[in-house]
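Structure first, commentary second.
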Amino acid sequence: MGYGVDMELGFEGGSKGRSSWLTAACVLFLLTVFPVYPQNLVQNGDFASGDGSFDNWNVSNTAGNPNTYTPAIESGGQNDPYYARFLWEQNGGQDLLSQDISTIPGDVYEISFWAEDGEGRNNVSFGFGNSTENLGDAFAIGPGQWYQGWTNFTFSLTASSLDTELSFLVGCDSASEFGVDGISVVQVPEPDFDGEVVNGKFLVNVETPDHPIVIQASTNMVNWVDVYTNTPPCTFTDACVNPRCFYRARLAQ
């Protein structure tokens, strides 16, 4: 999380939840937020542990019966020497690859992974807590055509619990396979921004993160209005109409 630091006389600064706020009375103001340097929360996201393994992952089949081909670690991933490979599921079930991630409710997380689709048809669902995405449509490039090769998928999702399940529910037909590699989950840091008054105008400068943010304005810190949406680095300019105006920046959902 970030910490607000008072830098000049005549303003207040602080942070609350997943947003940061500042205020000025038409004088110079500044709020310094120390960003969080994100780290990958996924354990063994490249499947390289122990020279290739499912360590830290849960692997099961929804039908409770073994497939003709069980999930395996193979060489030749997108950026790493290994990847998780899924082949022909049968017996009416699908393979489930999952891992519980420690998260903070209300915080935004960026989930990224590489995936590849074979020549046949796959039915693959990616899940993060209460969010589910069907990856099959993303691979389809035309009637009866399915993309072959590695594709990067990135999602920005909000956690709703202290432990969030990251999962891949995989079903492949007899002529296809599904591979996944380079899985990461990182917490998106709070907006890092400052402000100043120039020629009778408020300038709110937002430097990070590389994620859409929303700047809100208020004259009483009760009623907030969205005044600006963009992806940092960016600057919002507002006329100093009121003698005292509050601003805060939050991550866009």
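Quick note: the coordinates plus some simple rules give every number you see, no bench work behind them. None of these values were measured; they are calculated from a predicted model. Because the Cβ atoms are built from the backbone with ideal geometry, glycine has one as well, and the counts that use them run over all protein chains shown.
Can you give me the Kirkwood hydrodynamic radius for the range 157-253, using every pair of distinct Cα atoms, in Å to one decimal?
Hydrodynamic radius (Kirkwood, Cα only) of the range 157-253 equals 16.7 Å.
So, counting K/R as plus one and D/E as minus one, what does the shell of residues with Cβ under 14 Å around residue 210 add up to? Could you put the intermediate results ahead of the total?
Details: positive: none; negative: 110, 190, 192, 207.
Around residue 210, the surrounding residues sum to -4.
Give me the net charge for the shell around residue 233: Cβ to Cβ below 11 angstrom, other residues only, Lys and Arg +1, Asp and Glu -1. Please report the intermediate quantities before stating the final value.
On the way: positive: none; negative: 192, 207, 210.
Neighbourhood net charge equals -3.
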